[in-house]
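The values are calculated or read from the model by the stated rules, or taken from the named source; none is laboratory data. Since we're looking at a predicted model, the values are computed, not measured. Here the Cβ positions follow ideal geometry from the backbone for every residue, glycine too, while neighbour counts run over all protein chains shown.
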């Protein structure tokens, strides 16, 4: 009897094209669009070598130290450990002016009674270029002064110390993964997809409730305990939804290359708990609201609101909620699921992850209990 | 069915003083019903008379304020699974799943009653053949016409071969061919041993197939019996309809003076004359028209219908 029911409920769910679209294909399409939109965002954050020109005149040819330094910072440098910061072209002064006017370079360097920099605009690249030249000039001047007044000291390691920079700040990684503002969008997306499992919970409860559907009336006339049917239906809904979430997860990790960290077991656990939360939430909505349109509206509206507050549409929202109204974060299942993925990705310890999982389990218990209290009615006041 | 050995009727459904209120509206007002084994019992009443509410209360789907319901001599309750296993329900609304094929729908609902897969397969095939939808076995419901959907709805309700089948207006919005098929099917189910409780607001259907009929109005049973017994309850008998194109009040007054006349009306070019029960006035009416040189067209003589019964008891048409 269990298997018979379970298989037919699976068929009913899988063949519901409209809901399959919303629960499976819509999140995948949304993820694809997210990826297209955020790919450029990530590119913009990457450092690109600065295009410059150097006027190759006699004075420059005489300045061997400067040539060596420039070469070491060039993208054509032989040093494979360091990425070059300058794309250097060697030109005449006229060509340099032309390249600058055509915005093909950020500035050009020419040596005429010293090293000079010509730029046309101000910006980050121009600042880097200027700082580099200033620092070279300062170091050269220091070396020349020492050589002039105390050349012996150069042999006792002073030259090395001049070139050495001591950093009094120590970089400590707050997490085991590198910061990535984009991944949170995908975490909220998968959390939203989990809550869309509510559509299945909603469908299943409607199918078995005599006051919600004629099919429910027919099932309730059969000699089978109501809760056996409810449990089978919810299990079928969870099975399909979990499969969809795993597919979405695979798409995100394997196709879109979104990192979820490497704690596969906990990631799957989040998917399972998130899926059950979504399905039981839908069952709860379906049990307390009778009108079909209203219950779908309530499910979509609440899921989207939760997703918004978790940062799906605006990445700062998660931070705003956590600093100004943290309670909202704890009562928002989408935020909790998102935060599970977030903490698995960023943190070395799992305490925050398990806190989220426990709160989600409390939600599952509340939704299930409320649904049970409504469904346990054996006779209805009206059909 | 009258039990030949013991000489008693075996009650399948017994409803006593069932009362159901929706706020101030009394949907069922001390509703009483007794259905015997082997009957096709018709529950006839206009829309809103309380037929479906009564069925839902009998099946323990609806709460009721007062009264008792017994099925197979046991109190009916939501968890009375030993009773439920012998009940089949065909609802007014088509209760099937659009995502399942015709065969799968019947198999799914039959599977709620029958565990053995091989036995179930036989029953499902039989039910599908019974309602003549074998050709559409692999079709999804959306591809079926309204009539075929109704047949599928019936197959889902009867596949487990219940002893009691409750059909709640199963022919609503059905084409004549499917309706005829459904009504014949119900009679065949009854012949195969099932007791039928059939609700409808179509008096012709109820007259055609039911062995006993209860007429309902405003949540109450206002008359019960065979169709002959019901018709015998009213004072009017034969109804004569004569097509007349010219009419004046004198004709109506003269006809009313004839013996055994209950009423005389003129409506839509037809003179309608109702006689007392057991009396025949056709010749007298025709003699009057001929002797007064009144031209007339078609003539119909009809025995009283259940609508006449309803009309006389409630003062309104069954179709109102």
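Residues of the stretch B:107-120 that are more than 7 Å from chain A (Cβ to nearest Cβ) and free of Cβ contacts under 8 Å to residues at least 12 places away in the same chain: B:116, B:117, B:118, B:119. Do we find that residue A:202 is assigned by TED's automatic domain parsing to the domain that holds residue A:280, at pLDDT 90 or above and touching a helix residue (DSSP H, G or I) at 6+ places or on another chain (Cβ under 9 Å) in this structure? Here the answer is yes, as residue A:202 does meet what is asked.
Residue B:72 satisfies every condition listed in (1) surrounded by 15 or more Cβ atoms within 10 Å (Cβ to Cβ); (2) at negative phi; (3) within 24 Å of the chain's Cα centre (by Cα) except (2). Of the residues B:157, B:134, B:146, B:185, the single one that is surrounded by 15 or more Cβ atoms within 10 Å (Cβ to Cβ) and over 20 Å from residue B:59 (Cα atoms) is B:185. Filtering the stretch B:16-73 to residues that are free of Cβ contacts under 8 Å to residues at least 40 places away in the same chain and either away from chain A (no Cβ under 11 Å) or assigned to a strand (DSSP E or B) (or both) leaves B:22, B:24, B:25, B:34, B:48. Among helices (runs of 4 or more DSSP H) entirely within the stretch A:1-77, having at least 3 residues that are within 14 Å of chain B (Cβ to nearest Cβ) and out of contact with any strand residue (DSSP E or B) (no Cβ under 9 Å at 6 or more places or on another chain) singles out A:2-14, A:17-20. Among the conditions (1) modelled with pLDDT of 95 or more; (2) out of contact with any strand residue (DSSP E or B) (no Cβ under 9 Å at 6 or more places or on another chain), the only one that residue B:94 does not satisfy is (1). Residues in the stretch A:211-228 that are crowded, with 21+ Cβ neighbours inside 10 Å, assigned to a helix (DSSP H, G or I) and touching a residue at least 24 places away in the same chain (Cβ under 8 Å): A:217 alone. Reported count of residues in the stretch B:128-160, each being away from chain A (no Cβ under 14 Å) and either in contact with a strand residue (DSSP E or B) (Cβ under 8 Å, 6 or more places away or on another chain) or assigned to a helix (DSSP H, G or I) (or both), is 10. Considering the stretch B:84-106, and only residues there that are within 8 Å of chain A (Cβ to nearest Cβ) and part of a helix (DSSP H, G or I), the residue that is nearest to residue A:12 (Cα to Cα) turns out to be B:104. Among the residues making up the stretch A:352-380, those that are touching a residue at least 60 places away in the same chain (Cβ under 8 Å), within 14 Å of chain B (Cβ to nearest Cβ) and surrounded by 16 or more Cβ atoms within 10 Å (Cβ to Cβ) are A:375, A:380.
Within 21 Å of residue A:137 (Cα to Cα) and modelled with pLDDT under 90: is that true of residue A:64 in this structure? Answer is yes for this residue.
Just a yes or no: is a residue in the stretch B:7-15 crowded, with 23+ Cβ neighbours inside 10 Å, outside any strand (DSSP E or B) and on the phi < 0 side of the Ramachandran plot? No: zero hits. Taking residues in the stretch A:83-102 that are outside the structural domain of residue A:125 (by TED's automatic domain parsing), and partners anywhere that are at pLDDT 90 or above and part of a loop (DSSP other than H, G, I, E, B), not one pair has Cβ atoms closer than 6 Å while being at least 6 places apart or on different chains. Output the number of the condition that residue B:225 fails; it satisfies all remaining conditions of (1) surrounded by 13 or more Cβ atoms within 10 Å (Cβ to Cβ); (2) at negative phi. So the condition that residue B:225 fails would be (2). Put simply, of A:383, A:344 the only residue that is within 14 Å of chain B (Cβ to nearest Cβ), touching a residue at least 24 places away in the same chain (Cβ under 8 Å) and surrounded by 14 or more Cβ atoms within 10 Å (Cβ to Cβ) is A:383.
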